[in-house]
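Note sheet for the following structure.
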Amino acid sequence: MDRARNDPLLGRPVAFFRYAWLLAPILFAAGPARAQPPAPDQTSAVDAEVRVALFDLLSERPLAALSRLRALHASGQVPPPGPQGTYGAAEIQFLLAESYNRLGMANAFRGTALGLLESGNTRYAPVLRLQLLLDAYRRGAYQEAVSLAGDVGAQDRGVASLVAGLAHYRLGSHAAAQQAFTAAAQSGGAYGGYARYMGALALMAGDTSQAQAAISALQALSGDALGDFADQVHLTIAQLAYQRGQYDVATAAAARVAESGGLASQAMLTRAWSLYKSSQLEPAAQAFTAFATRFPELPERDEARLMVGQVLLQQGRLDDAGRHFQRIADSVSRDVEGLRQDRAGAVSEAARAFVRARAATMLFLQAPTEGKTLSVPDNLGMDQASIAQALGSAAPVTPPEQLRPEIVALDDVAPRLDSIAASAGPAFPRRVAYVFDAGGATRTEFLRRSQALREADVAVALARHRLAEQLASHNAKLALIERLQVLLGEAAARLDTVSTELTATRDSLSRVVQAADEEHGRLRELIQREASAVATEAAENVRRADSVRASVGELLTPDDANLIRIERETALTYQRMAENVMSGLDRAFARHPVMRLRDTVRAHIAESEALVSGTRATIAETNDLLASEVARMRATETERTGAARAAVASAEAARATAEGAVVLAVEAELRARAEQLLTIARRDTEAAEFGAASASFLKAVGPGPAATPGPGPGGAGGSGAPSPE
């Protein structure tokens with residue numbers, strides 16, 4: 001039997017003890033008190049938590065990092081600075097700021113970053129100051145941006161100078177802007193070309209007599225520009241040349257803008273006006289028609305259509321002109337009627353659609369048709385390498401992408417605007433979404449409300465993340481308990497096998513014992529019979545010796561008497577031996593190795609059966625406890641899970657409030673744009689009706705002088721001179 005206790009139940013210690021912590025509260029709750037473990041090293045624990053948060057942030061999981069860091073920051077248990085290289089309170093605050101920035105929570109980022117800088121920490125200043133600079137410019141704090149630009153580190157000097165130049169330009173300090181753009185251009189890098197572009201505009205803005213010098217500078221830059229940036233340079237050259245009356249230059253520059261690019265609409269319109277102003281009427285009419293056909297959603301569509309009628313008038317095609325103007329008047333009148341009716345709240349539904357899609361910010365971009373918005377990468381100033389370097393981390397990071405200016409143009413926003421307008425329903429006038437820069441007065445309020453909505457979105461995502469963690473922990477505990485139940489079931493099955501083997505062994509032992517008992521009885525009887533016979537023969541010999549000595553008497557010689565004595569003693573010895581054998585036979589058999597082993601085996605079997613029975617009872621009891629715990633966990637949820645669910649509900653309610661505020665702002669903006677579009681439509685209707693009347697009048701009075709050309713770019717609905725953004 002198994003005296004070494006190597007039974008199957010104990011054959012998997014790793015699998016058993018892996019789940020032993022689940023049983024500890026159940027099996028040992030009433031056990032004796034144990035010595036408390038040593039207090040944990042709080043400094044090392046916080047350092048480990050911060051490093052996990054850093055890993056999450058570098059792995060593009062800012063929400064997980066924020067959840068961990070907020071819990072650390074709110075615990076109030078962050079120890080004082082530890083040994084060199086140990087992360088603590090400063091690193092928590094820095095990574096919190098980076099998480100806020102990565103998640104678009106500008107207000108929270110700004111407060112956290114400024115608090116860290118004001119505490120005197122200079123280690124993270126190079127990263128934070130560049131990010132604060134970009135944040136200040138985005139929210140229109142241009143003087144603050146100028147001040148921050150001077151504190152940015154040397155490695156980011158090019159970008160800082162560019163942003164400082166843009167801020168100076170916005171403040172009207174064109175000379176300072178030009179100096180900043182020159183510094184940005186000299187620093188080289190990806191934004192050097194854009195700095196040269198803005199420097200040319202600053203030169204002209206500060207002194208209008210320098211317009212030709214600006215055009216020359218842009219023409220020199222155009223040879224090095226690529227992609228959308230090249231299109232922007234060519235478009236700006238075309239617009240500036242048009243304003244100076246250099247129509248051939250404007251036409252040529254506009255023609256160099258890619259027809260498939262996002263700036264094609266304004267390039268086509270500028271080219272059409274340049275052709276018209278240079279009296280190339282037929283090509284101008286074709287260009288205006290192409291613009292109106294390709295870009296029917298833009299507010300300048302009807303202006304272009306009117307100019308086609310103007311060309312027809314100047315060509316003397318009065319009937320065609322009259323019919324053309326009348327079609328425009330009828331078409332625009334229908335648009336006016338649609339804008340007036342608002343078609344059962346189409347604008348309100350569109351506002352909700354834009355906000356639900358979190359795309360309302362596109363409505364407030366500055367003139368994407370002319371590329372007036374420059375987009376910087378999301379990770380500018382907070383790429384993995386910069387954060388890891390600031391923290392002195394040796395963690396592997398992804399190198400930052402090569403930066404290049406990203407011009408936000410019509411092809412970037414049109415598909416998104418169209419998809420959202422489509423979801424708003426057919427009643428929504430899509431052209432309203434393309435009246436850019438219509439609501440400048442509401443832009444600041446919208447940005448404030450949208451930032452609140454962004455923070456509410458993050459709060460909901462964070463609450464859901466924590467709830468998911470709680471549910472995952474709850475489900476993991478359930479899975480572990482269920483796995484332990486399976487292991488216990490497997491152990492019980494192995495015990496059944498052991499019990500069967502013990503029963504078979506006991507049966508075999510019984511058969512062996514029965515055979516041994518039978519052989520014992522046979523041998524005992526045989527030995528006892530032989531011993532009894534020996535004792536009887538010996539007694540007979542003693543009697544005979546006594547009889548011979550008595551009958552012969554004195555006739556015996558000494559030698560004969562000695563022989564009779566020896567014979568008698570020999571017989572007595574045999575008699576005693578036989579008696580000893582008969583009296584010690586049971587003890588002899590009891591000391592036999594076979595009989596002793598039989599008893600040992602029987603004791604081992606009994607002990608093993610008792611052990612199996614006790615183990616089976618323990619498994620059954622444990623299974624009952626685990627089943628009860630599983631039922632309890634499935635029927636209820638922990639207090640922390642309930643609190644997490646309540647936090648999600650509260651965050652969603654707050655988000656609904658913030659979302660409603662943004663919807664109201666967007667709805668007001670869309671209505672203002674609809675009103676502006678209505679004004680433009682009324683003006684275009686009047687122009688079309690006047691054109692139709694002019695055609696009828698000229699036809700009635702006969703041929704006369706050609707009609708006067710329209711206002712051209714820079715007029716109402718036209719493409720004006722570029723502005724620097």
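With a cut-off of 8 Å between alpha carbons and a minimum separation of six or more residues, what is the relative contact order of region 492-587 in percent? Rounded, it is 38 percent for region 492-587.
Expressed as a whole percent, the accessible area of region 571-677 that falls on carbon and sulfur atoms is 58 (1.4 Å probe). Shown for region 423-491: the carbon plus sulfur share of the solvent-accessible area, taken with all protein chains present and a 1.4 angstrom probe, equals 56%.
With R₀ fixed at 35 Å, the C-beta to C-beta distance from ARG576 to ASP517 puts the FRET efficiency at about 0.75.
Accessible area per residue for region 615-656, computed on protein heavy atoms with a 1.4 Å probe, is 62 Å². Think of a 1.4 Å ball rolled over the protein heavy atoms: region 526-610 then has 70 Å² of accessible area per residue. Relative to the compact-globule estimate of 2.2 N^0.38 Å, the Cα radius of gyration of region 157-197 comes out at 0.97. Computed from label points 7 Å out along Cα-Cβ, the spacing between ARG358 and THR679 is 3.5 nm. Applying the Karplus relation 6.51 cos²θ - 1.76 cosθ + 1.60 with θ = phi - 60° to region 578-586 yields 3J(HN,Hα) values of 5, 5, 4, 4, 5, 6, x, 5, 5 Hz, where x marks Gly and Pro. Sorting the segments 242-251, 509-518, 362-371 by their mean number of nearby beta carbons within 10 angstrom, highest to lowest, gives 362-371, 242-251, 509-518. The apolar share of the surface of region 93-157, taken as the fraction of accessible area on carbon and sulfur atoms (1.4 Å probe, ligands and nucleic acids excluded), comes to 47 percent. Using the 1.4 Å probe convention, the accessible area of region 169-260 works out to 42 Å² per residue with neighbouring protein chains retained. Taking all Cα pairs closer than 8 Å and separated by 6 or more residues, the relative contact order of region 141-254 comes to 16 percent.
The values are calculated or read from the model by the stated rules, or taken from the named source; none is laboratory data. Bear in mind that the values here come from a model prediction, so they are computed numbers and not experimental data. Quick reminder, even Gly has a Cβ in these numbers, built from the backbone with ideal geometry, and neighbours come from all protein chains shown. We work out accessible area using only protein heavy atoms, side chains counted, and drop any ligands, DNA or RNA first. Shrake-Rupley method; radii C 1.70, N 1.55, O 1.52, S 1.80 Å.
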